[in-house]
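The values are calculated or read from the model by the stated rules, or taken from the named source; none is laboratory data. Computed from a prediction, not measured in an experiment: that's the story for all the values here. For neighbour counting, all protein chains shown are included, and Cβ atoms are generated from backbone atoms with ideal geometry for every residue, glycine included.
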Amino acid sequence: MRDRNKRTNTNNTGSRSEQLSFIAFGQSNRHDIAERHEELLWKHLPDTNDEIRQEETVSGNQQQLKLTYFFRKPKYPLLCDIDGFVFAANSEKSFLKNLAMAIVDPEKMYDVIDSKIEGWSFLPKYMTISPLTFKKGWTKKEIIALYNGRSNKTDDSLVYSEKSISTIRLEKVFADIVGLLLKA
């Protein structure tokens, strides 16, 4: 037992690249894994003073922002909830167009749902959509409540009925709500 601990300790006292290689091969302790996860999460994000993530293109007075993705892209269409302002987007372009209509706090993290009904996070400070979120799974009732309780309803907006939703598939509920939001 002591030999194993001694071997592990000698492995972890090497250079940073050696430590990371042990993490990659699963020969690491819990502290190293947490440190590596944090390093992966924040290594490419700029400081608050940098505006690398916001690729600015000046065309007249209009400033165009570029949306970035952390790890992988969500599968469009998306539903996004920005403090009650709920919108649907079929593409990155439509996401940015709808985002321009919302009041966004750059320090907050907002919920996004993709077409696989997987939870994502939108970080406006970095203009990034990430799969790292507290809420990964969404139910039919939660998606319907999100739609019906939104703050950007118009007087002629339809209310999605919660009656007999047990017979409707989750993907169908999501597609219906996306369709209603895109028509609005």
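Below, the figures for the structure above:
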{"read-out": "Set Ser151, Ser157, Ser164, Ser130: member being surrounded by 17 or more Cβ atoms within 10 Å (Cβ to Cβ) and polar (S, T, N, Q)", "value": "Ser130"}
{"read-out": "Breaking point among (1) over 17 Å from the mean Cα position of the chain (by Cα); (2) without any contact (Cβ under 8 Å) to a residue 12 or more places away in the chain, for Asn148", "value": "(2)"}
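Conditions (1) farther than 18 Å from Ala88 by Cβ; (2) in the same structural domain as Asp83 (by TED's automatic domain parsing); (3) of a type outside the set (Val, Ile, Thr), marked per residue:
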| site | (1), (2), (3) |
| --- | --- |
| Ile117 | no, yes, no |
| Ser121 | no, yes, yes |
| Tyr126 | yes, yes, yes |
| Ser130 | yes, yes, yes |
| Lys136 | yes, yes, yes |
| Lys141 | yes, yes, yes |
| Leu146 | no, yes, yes |
